[in-house]
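Asks: Before I ask anything, let me first share the structure, which is written out below as structure tokens.
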Amino acid sequence: MDMATAKAENLDLFVNARHQFDRALTWIDDIKVGIVDYLINPKRTIHVRFPIHMDDGSIQTFHGFRVLHNRVRGPGKGGIRYHPDVTEAEVSALAAFMTWKTAVVDLPFGGGKGGVVCNPKELSRGELRRITRRFVTELGDTIGPHTDIPAPDMYTDQQTMAWIYDTFDMMHPGENNLAVVTGKPLEIGGSVGRNEATARGSLYATQQLLKCGVVPDMPTLEGVRVAVQGYGNAGSIAARLFHEAGARIVAVSDSHGGICSDGGLDPDKVLAHKNEEGSVVGLPDTTTISNEELLAYDCDILIPAALECQIHAANADDVKARLIVEDANGPLTIMADEIMHAKNIVVLPDIVANSGGVVVSYFEWVQNLENQQWDLEKVEKFLRKRMTRAVDETVKRWTVLDEKYKSGFNGTQSGPTLRDAALVTAIKRVATVVLQRDIWP
Ligand code: NAD
């Protein structure tokens, strides 16, 4: 790919999400044309502005929004992020991903996402608490256990979820309101296993994909060399779990850079170093590399677990892995996807690979509604079942699409990808319910 083309690439997440949707649509020959606009665009976007007393005595007005992309299969589900650069377009794309993600793992949810434009690194705990409480008050009954259910996302955590629950509970006394939000602390209705659910789900999904024989000469994780970009919740736990499952973690990175060791890294030691020093960089007996070098590292599996659009037209050609497991949302751009396809590098798409988080959020919601507390064994058993089924269905759909392609269907495409297959399943599930519910008056 020449640099001019690479530079011209559009890195807007909504443009990427739209392209993926349009591409998947070309594989569906029985969609009702009139519902396409309804399926891709958000059903509803709420903007709120509210003033907050800051610690220094001043007043600052904040802007927040919540996008409900689709809720025909159940209440909206998706995180709330606090970030200075959060935009409506980004949140809309992420809300759409949630619709397809919940559909592909067959949860009774739709898709949602929210955000508040703020810089949590510059806000005190008290300011964050006041922002959260006021934001939830402004959203009012647009969120709720059966309408739209938030969860943590970038720079929001268990504490934020506890504030959301408490604020909503004060507005609805005398009801069981625990199911209004997931990702809560264990003591107030959180689920065991939620913290590592995304990484554990991606492990189960990868193991099943390999079992299906999708990656030539890689039937299991035994001895497989893995590189992980991002060492936060998803990345650090994935490194540990893949290591425990027999893989060798050869390179990892965070926002400060990366480290590698062909002999293999000990993920626990890497994490301890990061906790102490603020970065994975500098762990004794490792070589420092840049993030670009990490993405191009000689490995079998690459797990992008940091940000969106990390692998793009300008660096996709350098990827040497044979399988990419998308723990992050949208880590590959449109062109990166095409380059991987041309190079026969298999991509386990985000809506399957990282869906373990929302699966265990669903378990939390069910436990809350039924006043139950599951044990870890049950959570992991049920998670594996969901992930295995989603992978099997995706691979099966991919086989069907490939047969259709080989017999001449869809000549405009270069053949189906696993992302196409997962999206086709998800879109068909949502479209079927739209028609069955006959939602037009
Ligand atoms: P996190 O904040 O815990 O970790 C992010 C990590 O990425 C940090 O280690 C940070 O240093 C690193 N990072 C930031 N910029 C980087 C860069 N340019 N290069 C390399 N590393 C960089 O976040 P998380 O919860 O682990 O989420 C990571 C990704 O996984 C996001 O895309 C998120 O949407 C996705 N995801 C997370 C969950 C979940 O349950 N945590 C669920 C689904 C999807």
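Nothing in this text is a laboratory measurement; each read-out follows from the coordinates by a stated rule. Treat the numbers as computed from the prediction; the structure is a model and nothing was measured. Cβ sites come from the backbone with ideal geometry, for glycine too, and all protein chains shown count toward neighbours.
Asks: Restricting to Cα pairs below 8 Å that are 6+ residues apart, what does the relative contact order work out to for region 253-380? Please round to a whole percent.
Replies: Over region 253-380, the number comes to 18 percent.
Asks: Now, a different point. Starting from 0 in steps of 10 Å, tell me what percent of the Cα-Cα pairs of region 295-341 lands in each bin.
Replies: 32, 64, 4
Asks: Can you give the convex hull volume of the alpha carbon atoms of the chain per residue, in Å³?
Replies: Numbers: hull volume 67.2 nm³, N = 441.
Cα-based convex hull of the chain, divided per residue, equals 152 Å³.
Asks: Between Asn10 and Phe409, 0.36 nm times their residue separation minus their Cα-Cα distance comes to what?
Replies: Numbers: separation 399, 0.36 × 399 = 143.64 nm, distance 2.86 nm.
This chain segment gains 140.8 nm when fully extended.
Asks: Just want the ordering: Ile351, Ile28, from fewest to most Cβ atoms lying within 10 Å of their own Cβ.
Replies: On the way: Ile351 29, Ile28 16.
Sorted ascending by nearby Cβ count, the order is Ile28, Ile351.
Asks: Take the Cα atoms of region 273-320, find their three principal axes, and give me the spread along each one in whole Å, biggest first.
Replies: 35, 22, 17
Asks: Could you rank the peptides 299-307, 331-339, 161-169 by their average count of other C-beta atoms within 10 Å per residue, with the highest value first? If you can, show how the numbers build up before the last one.
Replies: On the way: 299-307: 24.9, 331-339: 23.0, 161-169: 21.1.
Per-residue Cβ counts within 10 Å, averaged per peptide and sorted highest first, yield 299-307, 331-339, 161-169.
Asks: Using a simple charge model, +1 on the beta-carbon of Lys and Arg, -1 on the beta-carbon of Asp and Glu, nothing else, what dipole does the chain show about its Cα centre, in debye to the nearest 20?
Replies: With Lys and Arg at +1 and Asp and Glu at -1, about 1320 debye.
Asks: Quick check: pseudo-label points 7 Å beyond the Cα along Cα→Cβ at Thr45 and Asp157, how many nm apart are they?
Replies: 3.1 nm
Asks: Here's a follow-up. Could you order the peptides 417-425, 252-260, 118-126, 369-377 from most to least packed, using the average number of other C-beta atoms within 10 Å per residue? Don't skip to the answer; put the middle values down first.
Replies: Working: 417-425: 25.2, 252-260: 22.1, 118-126: 13.8, 369-377: 11.8.
Taking the mean over residues of other Cβ atoms within 10 Å, the ranking is 417-425, 252-260, 118-126, 369-377.
Asks: Full-extension gain between Ala342 and Asp141, please, as 0.36 nm times their residue separation minus the C-alpha to C-alpha distance.
Replies: On the way: separation 201, 0.36 × 201 = 72.36 nm, distance 4.78 nm.
Contour length minus Cα-Cα distance gives 67.6 nm.
Asks: Treating the Cα atoms of region 35-121 as identical point scatterers in vacuum, please give the log10 of the normalised Debye intensity I(q)/I(0) at q = 0.10, 0.14 Å⁻¹, two decimals.
Replies: Rounded to two decimals, the profile gives -0.29, -0.51.
Asks: Another question, if that's okay. For region 99-157 and region 32-73, write down the distance between their C-alpha centroids in whole Å.
Replies: 10 Å
Asks: With a/c under 1.5 counting as rounded, go ahead and sort region 306-441 into rounded, prolate or oblate using the C-alpha gyration tensor (a ≥ b ≥ c being the square roots of the eigenvalues; past the cut-off, prolate if a/b is larger than b/c, else oblate).
Replies: Values: a/c = 2.12, a/b = 1.39, b/c = 1.53.
Oblate, because a/c is 1.5 or more while a/b does not exceed b/c.
Asks: May I ask you to order 29-37, 426-434 by the average number of other C-beta atoms within 10 Å around their residues, highest value first? Walk me through the numbers before you get to the answer.
Replies: Details: 29-37: 10.7, 426-434: 19.6.
In decreasing order of mean packing, 29-37, 426-434 become 426-434, 29-37.
Asks: Shifting gears a bit: Treating only the Cα positions of region 106-210 as identical point scatterers, give the base-10 log of I(q)/I(0) from the Debye formula at each q in 0.10, 0.23 Å⁻¹.
Replies: At q = 0.10, 0.23 Å⁻¹ the computed log10 ratios are -0.33, -1.35.
Asks: Now a separate question. How large are Rg and Dmax for region 163-250 when calculated on the C-alpha trace, in angstrom?
Replies: 18.4, 58
Asks: Only bridges with both residues in the chain count here: give the DSSP antiparallel percent, nearest 5. Working shown, then result.
Replies: Details: 25 of 49 bridges.
Of those bridges, close to 50 percent are antiparallel.
Asks: Evaluate the distance, in nm, between pseudo-label points positioned 7 Å from the Cα of Glu222 and of Glu370 along their respective Cα→Cβ axes.
Replies: Simple spin-label model gives 3.7 nm for this pair.
Asks: How large is the direction-averaged shadow of the alpha-carbon convex hull of region 47-173, in nm²?
Replies: Values: hull surface 29.8 nm².
Average projection, Cα convex hull of region 47-173: 7.5 nm².
Asks: So between Glu277 and Val33, what do we pick up on full extension, going 0.36 nm a residue minus the alpha carbon distance? Don't skip to the end; give the middle numbers.
Replies: On the way: separation 244, 0.36 × 244 = 87.84 nm, distance 5.46 nm.
Answer, rounded to one decimal: 82.4 nm.
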